[in-house]
Amino acid sequence: MITVIEGPTSQYGTQTLQSVFTVKDLKEVFAVDNYNREKGRPGEEAGYQRDPEQTRIVALAKSIAKGLVVATSIVVNNRDASPKKLSFDNKGVTQINLPKKLWAIDAQHRSLAWIELYDNAAEYGVSQKNIGKIKVNCSMYWGATIEEEVLTFYDVNHFGKGIKIENRLE
C-alpha cells in the first residue's frame, strides 16, 4: 500500500495523485510506451515516447551514485485504474495498492537511471539495498487514456525549456 494525496483533475476529467515510493518499487512497475514509426502515428498502437539515450541514463546514474538527490517528480499513468474513482478523507488522502504498471509520461531518463543504478549497484560502488530505499516523488494520472498521455507528454516537453550549460553554477 502507498499513501496518495488528491491532486487536481486534468482538463480531460482524469484524477491526479501525488505520492512517494521507492526505487525498488519503481523497478517493479515502471513501463515505457516507446514510439515505433512502423506502426503508424503516435498513440495506442505505435506508442509515443522517444527512445531512451543510454549515455544520459548512465551519466545520471553515476551522478546519483555520487550523491545527487533528484527530488523532481516523475509523471506516470496507471492505465488500469481500479476503482475508477478514488475516495479521499477530509484531508485529501487515501491509500492504494501500488499499481502493477505505471506508464511513463515524463521522466523516462530519470526513472531508467535509478533502475540502472539499482540493477548494477556494485558497478557504481553503491549498495543495491540502499539504492532500493531511495524515495521517488511521483505525480500519477489515475486512468488517463493513451491519448491524454500523448497530449500530456507533448505539453510537458513542448512548453519546457532547456537551459544552456553556461547557466550552471560551478
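The values are calculated or read from the model by the stated rules, or taken from the named source; none is laboratory data. What you see is a predicted model, and the numbers here were worked out from it, not measured in a lab. Heads up, the Cβs are rebuilt from the backbone with ideal geometry, glycines too, and the neighbour counts pull from every protein chain shown. Calculation scope for accessible area: heavy atoms of the full protein, side chains included, ligands and nucleic acids excluded. Shrake-Rupley method; radii C 1.70, N 1.55, O 1.52, S 1.80 Å.
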Considering only residues that are buried (at least 16 other Cβ atoms within 10 Å of the Cβ), touching a strand residue (DSSP E or B) at 6+ places or on another chain (Cβ under 9 Å) and either without any contact (Cβ under 8 Å) to a residue 40 or more places away in the chain or charged (D, E, K, R) (or both), which ones fall in segment 64-120? R79, D106, A107, R110
Can you find, within segment 27-41, the residue that is modelled with the lowest pLDDT among those that are open to solvent by less than 70 Å² (accessible area, probe 1.4 Å) and either in contact with a Phe, Trp or Tyr (Cβ under 6 Å, 6 or more places away or on another chain) or not aliphatic (A, V, I, L, M) (or both)? G40
For segment 35-76, what are the residues that are touching a Gly at 6+ places or on another chain (Cβ under 7 Å) and hydroxyl-bearing (S, T, Y)? Y35
Which residue pairs have Cβ atoms under 6 Å apart, sit 6 or more places apart or on different chains, and have a first residue in segment 127-155 that is under 10 Å from Y12 (Cβ atoms) and a second that is outside any strand (DSSP E or B) and open to solvent by 30 Å² or more (accessible area, probe 1.4 Å)? E148/Y12
What single numbered condition from (1) modelled with pLDDT of 95 or more; (2) on the phi > 0 side of the Ramachandran plot fails to hold for M140? (2)
From D33, D89, which residue is farther than 16 Å from E149 by Cα and acidic (D, E)? D89
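Could you please let me know if I105 is in a helix (DSSP H, G or I), among the β-branched types (V, I, T) and within 16 Å of the chain's Cα centre (by Cα)? Give the derivation first.
Values: in a helix (DSSP H, G or I): no; among the β-branched types (V, I, T): yes; within 16 Å of the chain's Cα centre (by Cα): yes.
Taking the combined requirement at face value, the residue does not satisfy it.
Checking the conditions here, which among T9, T22 is touching a residue at least 24 places away in the same chain (Cβ under 8 Å) and over 16 Å from K101 (Cβ atoms)? Steps first, answer last, please.
Working: T9 fails: touching a residue at least 24 places away in the same chain (Cβ under 8 Å).
Step by step, each of T9, T22 is checked, and only T22 is touching a residue at least 24 places away in the same chain (Cβ under 8 Å) and over 16 Å from K101 (Cβ atoms).
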